[in-house]
């Protein structure tokens with residue numbers, strides 16, 4: 001359902017433009033960032049997501065709008081810091097993972113890096129980058145538990161350093177953790193030179209395409225996990241702990257859809273960076289069937305909408321967002337949706353593992 005461009009809705013008294021984001025918010029964000037008062041933006045983010053879903057927007061469009069909103073917050077924080085640390089304008093702020101694909105949900109954390117063309121004082125660099133990530137955390141973009149943030153010196157450097165580092169990680173994902181091999185392939189420029197980032201991404205993707213070992217390591221990640229559905233259609237859930245009886249829809253299903261689509265667009269040198277756009281491109285080019293592509297789109301839409309709804313529910317209960325569902329508590333139709341999503345993703349993973357798409 002498309003929003004009526006002739007109407008505006010309000011959040012906290014702010015009129016909304018065609019983008020769905022309150023008019024004048026960029027200026028407001030910059031003022032809030034300068035004054036260190038971005039904590040209130042958490043509530044605005046939640047209200048925007050609820051409003052978009054209530055208005056009938058798809059999960060795909062909602063995630064894209066949320067990602068753009070978060071990008072505006074990041075831009076405001078960086079602009080405010082650049083007023084004090086002027087050398088920051090000679091750097092490019094990179095966003096990795098779901099932010100780089102425009103697929104963020106409520107609770108998405110920070111995954112960022114800094115591509116530098118200058119060499120500021122080390123202490124000043126540490127102070128600036130630490131201040132930035134703390135400001136973003138205060139604005140609801142939580143600190144990355146894995147340390148994928150510009151406050152970590154491993155996620156800063158010049159062009160040559162970045163290229164060498166990313167290739168090293170891709171050549172041996174075990175060095176930094178297998179989860180990073182997927183995360184570091186999806187990134188975009190938020191602040192600074194987009195051209196440098198395009199060149200870096202092209203060089204990195206060309207390396208992966210021409211090095212069988214890199215592709216095999218990416219595929220290995222898909223092989224190492226069992227899908228949460230038995231041959232007889234029973235859900236496989238957590239056996240113990242806090243989430244006993246629950247299923248992690250992100251790690252157990254959605255991540256495999258994201259990774260498989262990435263591997264195939266790498267192979268066929270297709271340009272989209274968003275998973276839904278990748279699925280469409282693969283189907284249009286005949287690398288997956290039209291029917292299978294449709295089922296994958298349905299799976300992505302269901303899983304991401306569920307994550308958005310969980311995020312809103314967690315806010316109402318004043319607990320941190322998570323990605324777990326209890327299949328036994330789902331209505332019959334939703335159980336069917338979840339099973340169909342798992343089956344569609346599993347079929348795509350098998351396609352990649354069998355080499356039909358490689």
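The values are calculated or read from the model by the stated rules, or taken from the named source; none is laboratory data. This is a predicted model, so every value here is computed, not measured. Because the Cβ atoms are built from the backbone with ideal geometry, glycine has one as well, and the counts that use them run over all protein chains shown.
Restrict the check to the range 305-328 and report whether at least one residue is surrounded by fewer than 17 Cβ atoms within 10 Å (Cβ to Cβ) and over 29 Å from residue 140 (Cα atoms). The answer is yes, given that some residue of the range 305-328 is surrounded by fewer than 17 Cβ atoms within 10 Å (Cβ to Cβ) and over 29 Å from residue 140 (Cα atoms). Condition test on residue 167, is it in the same structural domain as residue 40 (by TED's automatic domain parsing) and touching a strand residue (DSSP E or B) at 6+ places or on another chain (Cβ under 9 Å)? No, not satisfied. Candidates 338, 351: the one that is in contact with a helix residue (DSSP H, G or I) (Cβ under 7 Å, 6 or more places away or on another chain) and surrounded by 15 or more Cβ atoms within 10 Å (Cβ to Cβ) is 338. When 261, 255, 281 are screened for being assigned to a helix (DSSP H, G or I), free of Cβ contacts under 8 Å to residues at least 24 places away in the same chain and outside the structural domain of residue 168 (by TED's automatic domain parsing), only 281 passes. Filtering the range 22-29 for residues that are farther than 19 Å from residue 78 by Cα, out of contact with any helix residue (DSSP H, G or I) (no Cβ under 7 Å at 6 or more places or on another chain) and at pLDDT below 85 leaves a non-empty set. Against the conditions (1) touching a residue at least 60 places away in the same chain (Cβ under 8 Å); (2) surrounded by fewer than 22 Cβ atoms within 10 Å (Cβ to Cβ); (3) touching a strand residue (DSSP E or B) at 6+ places or on another chain (Cβ under 8 Å); (4) farther than 11 Å from residue 191 by Cβ, residue 75 satisfies every one except (4). Counting only helices (runs of 4 or more DSSP H) that fall entirely inside the range 83-192 and contain at least 1 residues that are farther than 28 Å from residue 265 by Cβ, the qualifying elements are 122-138. A single entry from 56, 40 fulfils the requirement of being modelled with pLDDT of 85 or more, at positive phi and assigned by TED's automatic domain parsing to the domain that holds residue 101: 56.
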